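Enquirer: This is the structure I want to talk about, given as C-alpha cells.
FYI, it's all coordinate maths here, none of it is from the lab. The structure displayed is predicted, hence computed values, not measured ones. No Cβ is skipped: glycine too gets one built from the backbone with ideal geometry, and neighbour counts run over all protein chains shown.
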Amino acid sequence: MNSFQPLYDIYPQVISQTPLEHHSLGLHTQIDFFVGRNIRGFTGHFPQFALLPGVVQIDWASHYACDAFELTGSVVSVERLKFTCPIRPESAISLALTLRESCIEFRYFHRITSDRTQEFSRGRLVFA
C-alpha cells in the first residue's frame, strides 16, 4: 500500500455545496471552502505575505464550474475581472457560480453576517 501524501494540494477542501438552483439570472450554485496553508498556489507568492494568485482563483472557478454545470468546453476569455481583497491561507471562503448562456459569472467572498459579505474577487468566464 502506498502511503504517499502530496505535500501540496491543488484545490481547497470543499466544506459544502448548494444544489443547483434556477434564478432569474441563470443556473446558480455556491461552494464553501477552507483554503489551507498547503495549497500549491501559495508557494512562493509571497513568503512574507502569502496570498492566492488571481490565476489560481480563475482556475478554481473554471474547474468547479465545469464540474457543477457539466461543461465540456474550455475557457476562451476572462471578462470583467476584479480583485478587491487578497485571499490568505487558513481562510473560509465561498465561491458563487452562475451559468448564463455560454459564460460563468463567479464571485469569491466571505460571509461576515447574514446580510454583509467581504468580496475577494469576481469575473466572468466565457466558454467555447
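Enquirer: Please tell me if D59 is closer than 24 Å to D9 by Cβ, among the acidic types (D, E) and crowded, with 16+ Cβ neighbours inside 10 Å.
Expert: no
Enquirer: I'm checking my understanding of the structure. Among residues of the stretch 15-60 that are in contact with a strand residue (DSSP E or B) (Cβ under 8 Å, 6 or more places away or on another chain) and of a type in the set (D, E, K, R), which one is nearest to S91 (Cα to Cα)?
Expert: Checked the stretch 15-60; the qualifying residue nearest to S91 (Cα to Cα) is D32.
Enquirer: Can you work out which of the residues in the stretch 19-56 that are surrounded by 14 or more Cβ atoms within 10 Å (Cβ to Cβ) and of a type in the set (S, T, N, Q) is farthest from R122 (Cα to Cα)?
Expert: Out of the qualifying residues, it is N38.
Enquirer: If the Cβ limit is 7 Å and pairs must be 6+ apart or interchain, which residue in the stretch 59-83 that is touching a residue at least 12 places away in the same chain (Cβ under 8 Å) pairs with which residue that is in a helix (DSSP H, G or I)?
Expert: Partner pairs satisfying both residue conditions: L71/A65; V75/S62; V78/I58; F83/G54.
Enquirer: State which residue pairs qualify: first residue more than 15 Å from D67 (Cα to Cα) and inside the stretch 11-38, second residue loosely packed, with under 14 Cβ neighbours inside 10 Å and of a type in the set (D, E) in any location, beta carbons under 7 Å apart, and separation of 6 or more residues or different chains.
Expert: G36/E90; R37/E90
Enquirer: Would you confirm whether any residue within the stretch 86-96 is β-branched (V, I, T), in contact with an Asp or Glu (Cβ under 8 Å, 6 or more places away or on another chain), farther than 17 Å from Q30 by Cβ and in contact (Cβ under 8 Å) with a residue 24 or more places away in the chain?
Expert: So far as the stretch 86-96 goes, no, none of its residues is β-branched (V, I, T), in contact with an Asp or Glu (Cβ under 8 Å, 6 or more places away or on another chain), farther than 17 Å from Q30 by Cβ and in contact (Cβ under 8 Å) with a residue 24 or more places away in the chain.
Enquirer: Go through the stretch 77-126 and give me each residue that's among the acidic types (D, E) and either outside any strand (DSSP E or B) or at positive phi (or both).
Expert: Matches in the stretch 77-126: E90, E101, D115.
Enquirer: Give V126, V75 a once-over and let me know the one that is surrounded by fewer than 18 Cβ atoms within 10 Å (Cβ to Cβ) and within 26 Å of E21 (Cβ to Cβ).
Expert: V126
Enquirer: Just a yes or no: is a residue in the stretch 63-70 touching a strand residue (DSSP E or B) at 6+ places or on another chain (Cβ under 8 Å) and assigned to a strand (DSSP E or B)?
Expert: no
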